1. Cα to Cα, under 13 Å, and not fewer than 8 places away if on the same chain: which aspartates and glutamates meet these conditions relative to LYS110?
2. Among the listed pairs LYS108/LYS141; LYS56/LYS81; LYS56/LYS161; LYS29/LYS81; LYS29/LYS106; LYS17/LYS106, give every one whose C-alpha distance is greater than 26 Å.
3. With a ≥ b ≥ c taken as the square roots of the eigenvalues of the C-alpha gyration tensor of region 47-113, please select rounded if a/c is under 1.5 and otherwise prolate if a/b is larger than b/c or oblate if it is not?
4. Which of the trypsin sites (Lys or Arg not before Pro) found in region 21-98 are in a DSSP loop and have at most 14 neighbouring Cβ atoms, other than their own, within 10 Å?
5. Run through every distinct alpha carbon pair of the chain and return the Kirkwood hydrodynamic radius in angstroms, one decimal place.
6. Report, in debye and to the nearest 20, how large the dipole of the chain comes out about its Cα centre when Lys and Arg carry +1 and Asp and Glu carry -1 on their Cβ.
7. At a 1.4 Å probe, what is the % contribution of carbon and sulfur to the accessible area of the chain?
8. Pick out, from ILE97, SER148, GLN57, the residue whose Cα sits farthest towards the positive end of the charge dipole of the chain, with +1 on the Cβ of Lys and Arg and -1 on the Cβ of Asp and Glu.
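The values are calculated or read from the model by the stated rules, or taken from the named source; none is laboratory data. In this text, all values refer to a predicted model and were calculated from it rather than measured experimentally. FYI the Cβ positions are ideal-geometry reconstructions off the backbone, even for glycines, and counts take in every protein chain you see. Please note that ligands, DNA and RNA were not included when accessible areas were found on the heavy atoms of the full protein model with its side chains. Shrake-Rupley method; radii C 1.70, N 1.55, O 1.52, S 1.80 Å.
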Amino acid sequence: MSVLTIIEFPDPRLRTKAEPVTVFDAELKQFVADMFETMYDANGVGLAATQVNVHKQVLVADMSDERNQPLALINARIIEKDGAQVYQEGCLSFPGIYADVTRALKVKVKANDVDGNEIEHEFEGPLAVCVQHEMDHLAGKVFVDYLSPLKRSMLLKRLEKQRKQAATA
Ligand code: GNR
Ligand code: NI
């Protein structure tokens, strides 16, 4: 098991589109275990492979307070969405930055589990937000892409400022 390095904005590798997983082997299971370890270590509620510079369609999430409801989705695609919700999002690739984003309230997702079995899940509320946020990463998209140019530039300036302060602290 190992904690992987999370890449941060504006690293251009965050814009890479992930490839589908075709081989469901021990190496994949090890990678998923490392993704969970990395997510829990960073106190995140989700993590996309893109964020650890692996460009395969793998995402993990755990929105439970007890950190005991691990969810791993491989090759996830949304087959139905419904409604809308506004949720204040953060991202491990934008440490310390938060912004309201509007997304679907409910999503029905088809995916594979780590053994390659076809699975279908319906997510609602915060977990639906998280799954959509992670699927965006796998498509090379990040949450600030949804903001107005003004709001985005304000938050990115804040990110720069926090980094400079952290560097001199
Ligand atoms: O840890 C995370 N928290 C979070 C909060 C609100 C909406 C989405 C998220 S996902 C984020 C972890 C992350 O960056 N996943 O890609
Ligand atoms: Ni993120």
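1. GLU80, GLU118, GLU120, GLU122
2. Long pairs (Cα-Cα over 26 Å): LYS56/LYS161; LYS29/LYS81; LYS29/LYS106.
3. The shape class here is rounded.
4. Listed in order of number, the matching sites are ARG67.
5. Taking the inverse mean of 1/r over all distinct Cα pairs, the chain comes out at 16.4 Å.
6. Its charge dipole is roughly 1020 debye.
7. In the chain, the share of accessible area belonging to carbon and sulfur is 52 percent.
8. SER148
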